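The structure under discussion appears below in the form of structure tokens.
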Amino acid sequence: MALAQPMDYAGSISSGQKHLRYFGVHTSSRLQCVGHDRKSRTNQLVVRAVSVDHPQLDFSNPNWKKQFQEDFDKRFSLPHLRDVIDVEPRPTTFSLKSRTPLENVNGSMQESWNGYVNDDDRALLKVLKFASPTSAGAVCIDPDCSWVEQWVHRAGPRKQIYFEPQYVKAGIVTCGGLCPGLNDVIRQIVLTLEKYGVKNIVGIQHGFRGFFEDHLSEVPLSRHVVQNINLAGGSFLGVSRGGANVSDIVDSIQARRLDMLFVLGGNGTHAGANAIHEECRKRKLQVSIVGVPKTIDNDILLMDKTFGFDTAVEAAQRAINSAYIEAHSAFHGIGLVKLMGRSSGFITMHASLSSGQVDICLIPEVPFTLDGPNGVLRHLEHLIETKGFALVCVAEGAGQEYLQKSNATDASGNMVLGDIGVHLQHKIKSHFKNIGVHSDVKYIDPTYMLRAVRANASDAILCTVLGQNAVHGAFAGFSGITTGVCNTHNVYLPIPEVIKTTRFVDPNSRMWHRCLTSTGQPDFH
Ligand SMILES: Nc1ncnc2c1ncn2[C@@H]1O[C@H](COP(=O)(O)OP(=O)(O)OP(=O)(O)O)[C@@H](O)[C@H]1O
Ligand SMILES: O=P(O)(O)OC[C@H]1O[C@](O)(CO)[C@@H](O)[C@@H]1O
Ligand SMILES: [Mg+2]
């Protein structure tokens, strides 16, 4: 459970820490000594759990919920062009009631169509009420786990827009690593822009690099150009890491006369998109910067899932099935599969769950020991003894403490990880050799095969929703926002809220518990 707010209680620092652990204070909280409890016979130190996010909240104040909600509404309000420049709304040109584009532009049909989202429509961010901080996966604000309404903005087309489509130039850029569905999103953005009446749509090649490198020219985009790009994986525009100088990018946006920029990428890209938005604000430019979260790692906060994740899990499951066949057919076979997931184990957890064949699932969020009576290797011995073969699935970011740190980073500044798959392979082989038991280790590293494929059906639909909503958000005049699915509803969120931290698998979540139930693995400690 994560406690997001402060609470006072008496106890020594050590019992205080125990209490904090009981309440599962998340890492953004810290202990603060607020004096001694003079009433207690032991004159114990009074310690308070203070949330770094909301240090001002005081639960003894009967109005704390109101205060929390006001703060929440502020944090989740969407930055708008009119915050810094004078822009007048106009009737939208987006209508599905229109019969001809001309009728559409005149706005003649919109009064009779109830297809618009009201600016005051909201979706609930949290839909679970935890009765106790000890409930599995509980996320509580106060020690009583009170439920507080947390509303976020609903995504979709508005009746009023802040751009004149015929004069709009819109750009699309895809950054970071590949992800199934990038082309579906690009395609939907183009189709939706055209539906509004935009004629000037361009792709920026190879991520943020395309803003600087002269040989990377703009790619003109239209329904005709993007019609079939979703049939292939990868990015029609190309991707890249590194090369993000925000001020230069905004110079380039100005030089290109872009009015809207759709930025497809993970947390790094979103940090870049938000910095670009801030710089545009500083220069008082009428440019909307809208993100679409792309990460097969599924490591963006607050969202049910990001596009490409399901497809990656499906591809991973195929690799696990192959490892299973190999391991099962060999004498004392041990299948070992390493999957992507730099710091989050979602792909590994979900692929292990969906395959149903994994005996040991190792993710970065849950430390494990390799040697010793409770270690992974001892459990493998047990599996070989009892069922004759075993299957291990490990996330690339797991067990990094066993590998030598290189301190190397990629072009975007992401840490280059050691290869846990190769390390485990060696450890398993030498362990069985040392104990004089035959083993046949089959190691599969399907890394890039997971993300080079085209989106499956459910991701294709998710991409459609996200791509279209990104365009509606830009036309509505928002900037510095991203779009996602929260509790099955489509919402807009201010970028800073989704990139505060990486999203991790909660080891106390029901999903991780289900994974453990399915694998039957013990606690490796
Ligand atoms: N804090 C930041 N501010 C500005 N730009 C950034 C920041 N972090 C990363 N970027 C830029 O964003 C782009 C993509 O970043 P990165 O390579 O980390 O991928 P990502 O968006 O996190 O996606 P992936 O999930 O594939 O890692 C790069 O061009 C990088 O330079
Ligand atoms: O080889 P690249 O392009 O740096 O990408 C690898 C990384 O991209 C991701 O798929 C997404 O961040 C990670 O899981 C992985 O570590
Ligand atoms: Mg990233």
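At 10 °C and 1.306 mPa s, what whole-number value in µm²/s does Stokes-Einstein give for the translational diffusion of region 396-525, with Rh from the Kirkwood sum over Cα pairs?
Details: Rh = 19.6 Å.
My calculation gives 81 µm²/s for D.
Go through 425-437, 331-343 and give me the packing order, highest mean Cβ count within 10 Å leading. Before the final figure, lay out the partial values.
Numbers: 425-437: 14.4, 331-343: 23.4.
Result, highest mean first: 331-343, 425-437.
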Inter-part distance where region 388-447 and region 197-231 are each reduced to a Cα centre, Å: 39
Evaluated at q = 0.21 Å⁻¹: base-10 log I(q)/I(0), Debye formula over Cα of region 223-265: -0.92
Principal axis dimensions, largest first and in whole angstrom, of the chain by Cα: 79, 68, 42
Net charge, Tyr162 excluded, C-beta distance under 14 Å - Lys, Arg +1, Asp, Glu -1: -2
Largest to smallest principal axis extent of the C-alpha atoms in region 330-480, angstrom: 68, 36, 24
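Kindly provide the helix-only [θ] at 222 nm of the chain, computed as the sum of -39,500 (n - 2.57) over DSSP H runs of four or more divided by all residues, to the nearest 500 deg cm²/dmol? Intermediate results must be reported in sequence, preceding the final value.
Working: 15 runs with 170 residues, N = 525.
Calculated mean residue ellipticity at 222 nm is -10000 deg cm²/dmol.
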Additional length obtainable on full extension of the chain from Thr386 to Asp419, 0.36 nm per residue less Cα span: 8.9 nm
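Please give the net charge around Ala312, taking every other residue with its beta carbon less than 14 angstrom from that of Ala312, where Lys and Arg add +1 and Asp and Glu add -1. It would help to have the intermediate numbers written out before the result.
Details: positive: Lys294, Lys305, Arg318, Lys338, Arg342, Arg451, Arg454; negative: Asp297, Asp299, Asp310, Glu314, Glu396, Asp459.
That sum, taken over residues with Cβ under 14 Å, equals +1.
Work out the FRET efficiency for Arg223 and Ile435 from their Cβ-Cβ distance, taking R0 = 56 Å, and round it to the nearest 0.05. List each step's numbers first, then the result.
Values: r = 64 Å, r/R0 = 1.14.
Taking R0 as 56 Å, the efficiency between Arg223 and Ile435 is 0.30.
Using a 10 Å cut-off on Cβ atoms, rank the peptides 439-445, 119-125, 314-320, 513-519 from the highest mean neighbour count down.
On the way: 439-445: 18.9, 119-125: 14.9, 314-320: 21.6, 513-519: 16.4.
Top to bottom by mean Cβ count within 10 Å: 314-320, 439-445, 513-519, 119-125.
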Other-chain or far-sequence residues with amide H under 5 Å of Gln150's (modelled H): Leu125, Lys126
Kirkwood-based Rg to Rh ratio, region 136-279, C-alpha trace: 1.06
Percentage, to the nearest whole number, of Cα pairs in region 437-490 over 18 Å apart: 57
Contour minus Cα-Cα distance for Tyr402 and Val127 (0.36 nm per residue): 95.1 nm
For region 260-374, alpha-carbon Rg over 2.2 N^0.38 Å: 1.47
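For Asn508 and Gln69, FRET efficiency with R0 = 30 Å and r from the beta-carbon atoms, rounded to 0.05? Can you show the working numbers first?
On the way: r = 26 Å, r/R0 = 0.87.
My answer for the efficiency is 0.70.
In Å³ and rounded to a whole number, note down the convex hull volume per residue for the Cα atoms of region 129-174.
165
Sort 64-76, 283-295, 482-494 by packing, meaning the average of other beta carbons within 10 Å per residue, with the highest value first. Before the final figure, lay out each step's value.
Values: 64-76: 15.2, 283-295: 25.4, 482-494: 21.6.
Ranking, from highest mean packing down: 283-295, 482-494, 64-76.
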Largest-first ordering by accessible area, 1.4 Å probe, given options Phe163, Phe212: Phe212, Phe163
Extension gain (nm, one decimal) between Ser112 and Asn321, 0.36 nm per residue minus Cα-Cα: 69.9 nm
Out-of-range pairs (alpha-carbon distance over 19 Å; input Lys387/Lys442; Lys66/Lys305; Lys169/Lys199; Lys338/Lys387; Lys129/Lys305): Lys66/Lys305; Lys338/Lys387; Lys129/Lys305
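The values are calculated or read from the model by the stated rules, or taken from the named source; none is laboratory data. Since the structure is predicted, the reported quantities are computational estimates derived from the model, not experimental observations. Note that we place each Cβ from the backbone using ideal geometry, even for glycine, and neighbour counts take in every protein chain shown. The accessibility values were calculated without ligands, DNA or RNA, using every heavy atom of the protein model including side chains. Shrake-Rupley method; radii C 1.70, N 1.55, O 1.52, S 1.80 Å.
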